Amino acid sequence: MDILIAVTREMFAPTTAAFALAAIGLNFHFGLTGLLNMGHAGFMLLGMYGYAITVREGGGMWLGLVVAVLLAIGFALLLGWPTLKLRGDYLAIVTIAAAEFVRFLGRSSVMKNITGGSTGIRGTDFKEPFESLSPFPDALITIGPWQLHGSASTSWWLVLVSWTMVAIFAWVFWMLAKSPWGRVLKGIREDEDAVRSLGKNVYAYKMQALVIGGVLGALGGILWSFGNAVSPDSMGRPTTFWIWTLLLLGGAATVFGPILGSVIFWAAIVLVKQLAALLIPETIMSTTAREPFALILVGVTLMLLVIFRPQGILGNRRELAING
């Protein structure tokens, strides 16, 4: 029973919602347009820093959101300007390097007075404006078998806001994907020369998709920081690979694929760790070894999924550019 509670709690946790939102952003990049953004964690980290630093310095929550969005837009324009006119994997090479640049810049001693260096920014420095909006009491609240705080950190308030945002932007993705704009992006994904021959500005459409997906990545980073803190090393290369994993698991270019993939991915990790704690003695596997063990098992499962069902659970094989 405890295992079931832990798994279901993770399925609807703010972290799961934050990664689902970031994956919806990546779905604009890869699912619709075929862009290989391998540095999505950089957008998340910029969003976290932009929001947290602005609020810490007295700018307020809404200004912090504006700053985070502007940073994501600027980052997307900076990355897309030299790469989107080129073919091949240039965007992938640039984005993975740029994301690491953001992480190393954030943790550098030179920027410590602004970013907090390797220790990051404490949640108490920027969470208060968001938590003060909570309609729930400032106490532990039990609903069924689940118990969360009303407003602080991983709270019912954060759960409500996070999943509401996921629902809103899933609807936005659905609306845009079936619009003429979305059909142009799908055409670019399949054959950009054919789209260009119709007089469409392929570069502009790619840039628009990169900007929109980057903004969603930044918002996902902000949601993640509300339940944790701002730490540069929490948004390293593995974070981007996790987002890609859950997107492909659920199904690229689908509305619910990023959401289902995030729920299954994080629930599976918790399930494996809980079962390992129950079935494997401490003398054989320590507590610290259970998380990498869980990631290995989940990774092997996902490898089998990619081999036998590369379109993901909800996806259509024809929607994956990599299977052209």
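The table below lists the values:
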quantity: Unmet requirement for Leu278, which otherwise passes all of (1) in a loop (DSSP other than H, G, I, E, B); (2) touching a residue at least 40 places away in the same chain (Cβ under 8 Å); (3) surrounded by fewer than 15 Cβ atoms within 10 Å (Cβ to Cβ); calculated: (1)
quantity: Test result for Leu46, touching a Leu at 6+ places or on another chain (Cβ under 9 Å), assigned to a helix (DSSP H, G or I) and buried (at least 23 other Cβ atoms within 10 Å of the Cβ); calculated: yes
quantity: Top-ranked residue in the stretch 1-46 [being of a type in the set (Val, Ile, Thr) and closer than 25 Å to Leu78 by Cα; ranked as modelled with the lowest pLDDT]; calculated: Thr33
quantity: Residue tally, condition among the aliphatic types (A, V, I, L, M) and under 16 Å from the mean Cα position of the chain (by Cα), over the stretch 46-70; calculated: 4
quantity: The stretch 306-324 - residue that is crowded, with 16+ Cβ neighbours inside 10 Å and modelled with pLDDT under 80 and, of those, farthest from Val263 (Cα to Cα); calculated: Ala321
quantity: Test: Gly251 is of a type in the set (Gly, Ala, Ser), in contact (Cβ under 8 Å) with a residue 24 or more places away in the chain, on the phi < 0 side of the Ramachandran plot and crowded, with 19+ Cβ neighbours inside 10 Å; calculated: no
quantity: Matching option when the condition is at negative phi and modelled with pLDDT of 95 or more, among Leu148, Leu185, Leu198; calculated: Leu185
quantity: Condition check for Trp242: surrounded by 19 or more Cβ atoms within 10 Å (Cβ to Cβ), closer than 21 Å to Ala167 by Cβ, in contact (Cβ under 8 Å) with a residue 40 or more places away in the chain and among the aromatic types (Phe, Trp, Tyr); calculated: no
quantity: Qualifying positions in the stretch 184-203 - polar (S, T, N, Q) and part of a helix (DSSP H, G or I); calculated: Ser197
quantity: Residue pairs meeting the criteria (Cβ under 6 Å; at least 6 apart or on separate chains; first without any contact (Cβ under 8 Å) to a residue 24 or more places away in the chain, in the stretch 114-133; second assigned to a helix (DSSP H, G or I) and surrounded by 14 or more Cβ atoms within 10 Å (Cβ to Cβ)); calculated: Gly117/Arg107
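Yes/no matrix, rows are residues, columns are (1) among the aromatic types (Phe, Trp, Tyr); (2) under 25 Å from Asn37 (Cα atoms); (3) out of contact with any Gly (no Cβ under 7 Å at 6 or more places or on another chain):
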site	(1), (2), (3)
Val255	no, yes, yes
Pro258	no, yes, no
Ser262	no, yes, yes
Trp266	yes, yes, yes
Glu282	no, no, yes
Ser286	no, no, yes
Ile307	no, yes, yes
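The values are calculated or read from the model by the stated rules, or taken from the named source; none is laboratory data. Quantities reported herein were computed from a predicted structural model and do not represent experimental measurements. Note that each Cβ is placed from the backbone with ideal geometry, even for glycine, and that neighbours are counted across all protein chains shown.
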